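A.B. asks: Sharing a structure with you now.
The values are calculated or read from the model by the stated rules, or taken from the named source; none is laboratory data. In this text the structure is predicted, and so the values were computed from the model without any measurement. Because the Cβ atoms are built from the backbone with ideal geometry, glycine has one as well, and the counts that use them run over all protein chains shown. To get the accessible areas, we keep the full protein, side chains included, count just its heavy atoms, and leave off ligands, DNA and RNA. Shrake-Rupley method; radii C 1.70, N 1.55, O 1.52, S 1.80 Å.
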Amino acid sequence: MSPEPQQTSTIELRLDHIAHLFDPFDPFPVPSRDLAKSAEDFIVGWARELPPETQLKILVHLPESEARSEDALGLPNAIARHFAYRAERTRGDVHELFRIGRWSLAIGLGVLAACVLAGRLVTGLLGDNPIARFLTEGLIILGWVANWRPIEIFLYDWWPLVRRRRLFERLAGAPVEIDTVGAN
């Protein structure tokens with residue numbers, strides 16, 4: 001039995017000018033320019049609503065004069081390059097988060113070890129009475145709270161970044177087609 005073909009969803013953009021798709025403050029020509037924040041948010045928002053196994057396609061509707069321009073020829077490359085760059089930046093964010101997590105874990109485990117030792121010292125000095133138990137338990141709680149952030153990083157914080165990186169990679173690989181407005 002052959003696998004089912006993947007469903008393709010089309011993200012459609014209707015523009016009067018290609019320039020509306022790009023950051024107006026970026027001085028580079030179209031293939032090197034960054035997408036405007038609003039255009040990126042629109043494309044990413046649409047893609048995020050689709051199931052992760054769905055193939056993506058980007059369809060840009062332009063007036064005929066814009067669709068025949070030199071900038072239109074560079075549009076597929078510009079969009080792919082932009083999202084590949086965003087995926088790479090997000091990959092770097094994941095690596096940075098894990099680096100911070102490792103340092104936080106080392107510090108947290110050091111604080112936990114110091115708190116356990118301090119708790120034993122308190123018990124040894126004061127004996128087994130309510131004040132010693134109160135201080136010992138407080139130190140143990142402090143030691144575990146010091147590990148809150150690394151636990152949060154390694155259990156929860158990384159996976160939304162990985163999901164976003166995968167979305168950017170899907171968008172970077174999506175074919176971009178240009179359609180002239182009114183041609184059907």
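A.B. asks: Given charges of +1 on the Cβ of Lys and Arg and -1 on the Cβ of Asp and Glu, with all other atoms neutral, how large is the dipole of the chain about its Cα centre, in debye to the nearest 20? Can you show the working numbers first?
C.D. replies: On the way: 20 positive and 24 negative charges, 197 e Å.
Here the chain has a charge dipole of around 940 debye.
A.B. asks: Describe numerically, in nm with one decimal, the distance between label points set 7 Å from Cα along Cα→Cβ at THR54 and at PHE154.
C.D. replies: 3.6 nm
A.B. asks: Additional query: State in Å² the accessible area per residue of the chain; use a 1.4 Å probe, count heavy atoms of protein chains only, and round to the nearest integer.
C.D. replies: Numbers: 11880 Å² over 184 residues.
So the chain comes to 65 Å² accessible per residue, rounded to a whole number.
A.B. asks: Can you list the residues, at least 5 places off or on another chain, whose amide H is less than 5 Å from the amide H of ASP179, using H built in the peptide plane?
C.D. replies: VAL60, HIS61, LEU62
A.B. asks: Could you derive backbone 3J(HN,Hα) for region 59-68 from the dihedral phi with the Karplus parameters 6.51, -1.76 and 1.60 (θ = phi - 60°), listing whole Hz in sequence and x where the residue is Gly or Pro?
C.D. replies: Karplus-based 3J(HN,Hα) across region 59-68 equals 10, 10, 8, 9, x, 4, 4, 6, 5, 8 Hz.
A.B. asks: Give me the distance in nm between label points sitting 7 Å out from Cα along the Cα-to-Cβ direction at ASN77 and TRP144, one decimal.
C.D. replies: 5.8 nm
A.B. asks: Show me, for region 140-156, the HN-Hα J-couplings you get by feeding each phi into the Karplus relation (A = 6.51, B = -1.76, C = 1.60, θ = phi - 60°), rounded to Hz, glycine and proline as x.
C.D. replies: 5, 4, 4, x, 6, 5, 5, 9, 4, 5, x, 5, 4, 4, 6, 9, 10
A.B. asks: Find out how many positive minus negative residues lie around HIS17, taking Lys and Arg as positive, Asp and Glu as negative, among other residues whose Cβ is under 12 Å from that of HIS17. Working shown, then result.
C.D. replies: Working: positive: ARG14; negative: ASP16, GLU66, ASP71.
Residues near HIS17 contribute -2 overall.
A.B. asks: Explain nothing, just the number: relative contact order of the chain, from Cα pairs under 8 Å at least 6 residues apart, as a whole percent.
C.D. replies: On the way: 233 pairs, mean separation 59.1, N = 184.
Value for the chain: 32 percent.
A.B. asks: While we're on this one: So how exposed is HIS82, as accessible area in Å² (1.4 Å probe, rounded to 10)?
C.D. replies: Rounded to the nearest 10, that gives 10 Å².
A.B. asks: Under the Karplus relation 6.51 cos²θ - 1.76 cosθ + 1.60, θ = phi - 60°, what is the ordered set of whole-Hz ³J(HN,Hα) values for region 170-181, x standing for Gly and Pro?
C.D. replies: With the stated coefficients, region 170-181 comes to 4, 5, 5, x, 6, x, 10, 10, 10, 10, 7, 5 Hz.
A.B. asks: When the accessible area of the chain is split by element with a 1.4 Å probe, what percent falls to carbon and sulfur? All intermediate terms of the calculation are to be shown ahead of the outcome.
C.D. replies: On the way: 7300 of 11880 Å².
Heavy-atom surface of the chain belonging to carbon and sulfur, 1.4 Å probe: 61 percent.
A.B. asks: Let me ask something additional. Using the basic label-point model (7 angstrom from Cα toward the beta carbon), what is the HIS17 to ALA113 distance in nanometres?
C.D. replies: Each label point lies 7 Å from its Cα, and together they span 6.3 nm.
A.B. asks: Hey, another quick one. Roughly what % of DSSP beta bridges within the chain run antiparallel, to the nearest 5? Intermediate results must be reported in sequence, preceding the final value.
C.D. replies: On the way: 1 of 13 bridges.
If I count the DSSP bridges inside the chain, around 10 percent turn out antiparallel.
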